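First up is the structure itself, then whatever we jot down about it.
Read-outs: derived from the displayed coordinates by stated rules, not from any lab. Computed from a predicted model, the values in this text were never measured in an experiment. No Cβ is skipped: glycine too gets one built from the backbone with ideal geometry, and neighbour counts run over all protein chains shown.
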Amino acid sequence: MAGFRAGYTRAYIQREITPMLRRSATIQTTLGFIRKQFSKRHWYLIVSAALILVISFTAAMAYWKAHRALAAARYDIAAERKHHFAILRLDPPASIAFTPLPAPAAFLNATIFQEHLFLCGSAGLFEYDQSGRLLKQYRVGAELLPSPLLRMTTGLLPDSRDPELLIVTASQGVLAFDGHEFRQIRPKDPDDRAITAILPLHTGQLLIGTQKRGVLMYDGKSLRQFHPALADLQVTELAGTGTDLWVGTMDEGVIHWSAGRAEKFSEPEGLPDRQIFSIALQDNKAYVGTATGVAEFIAGQFKRVITPGLFARSLYISGARLLIAGMEAGITEVNLEAESRGHRPVVPASLSGVQQITASGDTLLAVTSANLYTRNGQQGWRAMLSPAETLLSDRNISALAVDPRGRVWVGYFDHGLDLLDRNLHEVSHIEDDHVFCVNRILISQNNIAVATANGLVLFDSSGKQLQVLGRAQGLIADHITDVASYRDGLVLATPAGLTFLDHGGARSLYAFQGLVNNHIYAVATDGQQVVAGTLGGVSVLQDEHVLSNFTISTPGLKHNWISAITRAGDDWMIGTYGGGVVRLTRAGKFEDFEVGTGDFEVYPNAMLTTSGHVLAGTLGQGLYSFNRNTNRWSLITDGLPSLTVTALAAADGTIYVGTDNGLVSIPEQNLP
């Protein structure tokens, strides 16, 4: 908008003011002609006075209009840099209807606050004493907002009397904790809430790095753009001060802000990679960690690459010693003085999966997803926390099902699947080259079919793997997005079409045979009828032949991208990726809902029908619940560990709700 105003001002000056000045010049030319034609003094004076008035008026009007245009442009620029936000207090939770199943804490960050050790991660915030004894736990979705915690630090903000623990959430802004109460700094715009890094300044302001909006600044009264040169960046890291700032980005290298000037360094300037994971500062030196090495800067200038090829997830610098945390590679210790002489003495890695290296006094701290390790002097790393009891292997749920024995099958986005016993006490984990990225789990009478990104995997009722099917076995594709029972066999959804599979073999159907689109995300059946949800609309089949296709041009269908389908009585409930839920009636008409239809994404395959409800999981909005008795929709967010609901299952009156941050259960009778 500001650019438009500035352009408008320039265009106005060219269109209006310049002609006015030209007309003034024309008047002066005319005056010369008059002087030649008339010699009487009084006529000259009259014309001169009139001319002065005209010129003055013209100049005044031009100045006034230009001033208004420039003022409007400045106002719009200022407004564009301001970002609306709210300060909210987190009240103690009411009774929580959801019960979480124990999952890994997935620690990401540690810091010392009020002489206690705090760890944060996907599960929430954990407070320990100096010996590692757990004092308090603040759970995501219960005591805290339904959003994983990413990182934290301490700082004194202008709107607080005392230092606070400042915590970055994945989607809900920044939490500030004074040791007793939480308050939320919540930007209104979701893009402003997609925060990746924070940096408290000694002046009291808080610099905020975001995924899309670059660097913002919070001063207790306003949230605004820090500087246009640091706007619209995908920020990954912040380090330094307000006048000497280092900004790591996702794909533009590192930017050094100093003396009001931004200088960018990427691969052409010597960086080993343009994606920045970590930054450590010491005196006039900066160390920038990437996936393929660490870049050293001295006095703002690039000097060299340290440990080429080494992934630098986190950095810690102390004197001539640089510690590099490289995830699976563990911790690498580099003597910078020896490195500068051409030697590379490196301490062998002793830890893996390290997320952060920091220090408390003379004690080094290394955070892994499952524990915190400490090191004093030349001693080895020692686990500080007692192992936590967990049931699930991961937190990122992608598929759920309950078999006739009451066992819960839990599929993960990239970690295989778990088979939980009926009492939810014991677990068996299955993971291999095929059982890795799970899209759907179908329980049938004879076996369990698991749709994955690497084929269809069949298990017997005991959980023993029987067979893996893919293109080599006649399927139209290896990637299976959904699976449903059909007659005495199965129908598979793939990005290349449908495959019908039974004792007679595999038969495939795609757009050439009438499907509205080859890329199928969801499939559901009822008798001989098959409904396929695709990237380009809905196809209804009968006896393996396409009867009708529906697209956004069909009245009532809000979006072409169909992400989930479930049967509800005589109707089909259709989940879309961008238009909410609509109903496809038996008569072939689409109907929308007052609450269930809207501008939100139904997560792929995250719909479920029970005798009392239709449930729809969403991307970042929570769980939509349709009461089939009252015909009313409700949106559920309280108690969820994340607002992205990815999978649903039901058994014996219990609803299991999978999210990208854990699994919870709730008695169906507690649903609205």
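Hey, any idea what the orientation-averaged projected area of the convex hull of region 105-232's Cα atoms comes to, in nm²? The partial results should precede the final answer.
Numbers: hull surface 30.5 nm².
Value for region 105-232: 7.6 nm².
Taking θ = phi - 60°, what integer Hz values does the Karplus form 6.51 cos²θ - 1.76 cosθ + 1.60 yield along region 583-593, in sequence order, with x for Gly and Pro?
Result, rounded to whole Hz: 10, 9, 7, 4, 7, x, 10, 9, 10, 9, 10.
What list of ³J(HN,Hα) couplings, whole Hz, do you get for region 608-618 from phi and the Karplus terms 6.51, -1.76, 1.60, once you set θ to phi - 60° and write x for glycine and proline?
Running phi through 6.51 cos²θ - 1.76 cosθ + 1.60 with θ = phi - 60° gives 8, 10, 10, 5, x, 9, 10, 10, 9, x, 10 Hz.
Of GLN225, LEU175, LEU206, which is farthest along the charge dipole of region 105-232 in the positive direction, counting Lys and Arg as +1 and Asp and Glu as -1 at C-beta?
Checked the options; the winner is GLN225.
If the cut-off is a Cα-Cα distance under 12 Å, which aspartates and glutamates reach LYS136, setting aside same-chain residues fewer than 8 apart in sequence?
In chain and number order, the partners are GLU127.
Between GLU337 and HIS116, what FRET efficiency follows from the Cβ-Cβ distance if R0 is 51 Å, with the result rounded to 0.05? Kindly include the intermediate steps, with their values, before the conclusion.
Working: r = 36 Å, r/R0 = 0.71.
Rounded to the nearest 0.05, the efficiency is 0.90.
Give me, ordered by chain and number, the residues 5 or more places off ALA650 or on other chains with an amide H under 5 Å from its own placed amide H.
VAL402, TYR656
Could you work out how far helix 2-12 tilts from the main Cα principal axis of the chain, as a 0 to 90 degree angle to the nearest 10?
Tilt of helix 2-12: around 30 degrees.
Would you list the P(r) distribution for region 342-480, with all Cα-Cα distances sorted into 5 Å bins from 0 and each bin expressed as a whole %?
Here the calculated profile for region 342-480 is 2, 9, 15, 16, 12, 9, 9, 9, 8, 6, 4, 2, 0, 0.
Are there trypsin sites (Lys or Arg not before Pro) in region 187-236 that DSSP marks as loop and that have at most 11 other Cβ atoms within 10 Å, and which are they? Please list the in-between numbers first.
Numbers: sites: LYS188, ARG193, LYS212, ARG213, LYS221, ARG224; in loops: LYS188, LYS212, ARG213, LYS221.
Here the trypsin sites (Lys or Arg not before Pro) that fit, given the DSSP loop and packing criteria, are LYS221.
Note the direction-averaged projected area, equal to a quarter of the hull surface, for the Cα convex hull of region 207-327, in nm². Provide the component values of the computation, followed by the final result.
Working: hull surface 29.6 nm².
The Cα convex hull of region 207-327, projected and averaged over all directions, gives 7.4 nm².
Taking amide hydrogens as modeled 1.01 Å from N in the peptide plane, which residues meet the under 5 Å criterion relative to GLY537, leaving out close sequence neighbours?
The list, which skips near neighbours in sequence, is ILE562.
Could you run the Karplus curve 6.51 cos²θ - 1.76 cosθ + 1.60 with θ = phi - 60° over region 569-575 and give me ³J(HN,Hα) per residue in whole Hz, x for Gly and Pro?
x, 8, 10, 10, 9, 10, x
Read through the labelled values [x] 36.0; [y] 43.3; [z] 29.7 and report the label of the one computed as mean projected area of the Cα convex hull in nm² from the structure.
[y]
Of LEU364, CYS437, GLN378, whose Cα points farthest to the positive end of the dipole of the chain (charges on the beta-carbon: +1 Lys, Arg; -1 Asp, Glu; origin at the Cα centre)?
LEU364
To test your reading of the geometry: what angle, between 0 and 90 degrees and rounded to tens, separates the Cα axis of helix 41-81 from the longest principal axis of the chain?
Result, in degrees: 20.
Given H placed on each backbone N at 1.01 Å, which residues far from LEU365 in sequence or on other chains put an amide H within less than 5 Å of it?
Close amide H contacts, sequence-distant or interchain: THR358, ALA359, SER360.
How high is the FRET efficiency from THR551 to SER462, r the C-beta distance, R0 60 Å, rounded to 0.05?
On the way: r = 44 Å, r/R0 = 0.74.
My answer for the efficiency is 0.85.
What size of dipole, in debye to the nearest 20, comes out for the chain about its Cα centre when the only charges are +1 on Lys and Arg C-beta atoms and -1 on Asp and Glu C-beta atoms?
Numbers: 56 positive and 62 negative charges, 804 e Å.
Using Cβ point charges on Lys, Arg, Asp and Glu, the chain gives about 3860 debye.
Of LYS188/LYS558; LYS212/LYS558; LYS212/LYS303; LYS188/LYS212; LYS82/LYS221; LYS212/LYS264, which sit over 21 Å apart, Cα to Cα?
On the way: LYS188/LYS558 26 Å; LYS212/LYS558 28 Å; LYS212/LYS303 30 Å; LYS188/LYS212 15 Å; LYS82/LYS221 11 Å; LYS212/LYS264 17 Å.
Result: LYS188/LYS558; LYS212/LYS558; LYS212/LYS303 exceed 21 Å.
Please find the FRET efficiency linking ASN284 to THR585, where r is the Cβ-Cβ separation and R0 is fixed at 56 Å, and quote it to the nearest 0.05.
On the way: r = 71 Å, r/R0 = 1.27.
The formula returns an efficiency of 0.20 here.
Kindly give Rg over Rh for region 259-376, based on alpha-carbon atoms, with the Kirkwood expression for the hydrodynamic radius. Before the final figure, lay out each step's value.
Numbers: Rg = 14.1 Å, Rh = 14.6 Å.
The Rg/Rh ratio comes out at 0.97.
Once both axes come from the Cα atoms, what is the angle between helix 18-37 and the longest principal axis of the chain, in degrees from 0 to 90, rounded to 10?
With both axes taken from Cα atoms, the answer is about 20 degrees.
Given +1 on the Cβ of Lys and Arg, -1 on the Cβ of Asp and Glu, and no further charges, what dipole in debye does region 289-445 carry about its Cα centre, rounded to the nearest 20? Spell out each step's value before the answer.
Details: 13 positive and 16 negative charges, 95 e Å.
Computed charge dipole of region 289-445: roughly 460 debye.
Work out, step by step, the length gained on full extension between PHE512 and GLN137: first 0.36 nm times the residue separation, then minus their alpha carbon distance; give nm to one decimal.
Working: separation 375, 0.36 × 375 = 135.00 nm, distance 5.66 nm.
Stretched fully, the PHE512-GLN137 segment lengthens by 129.3 nm.
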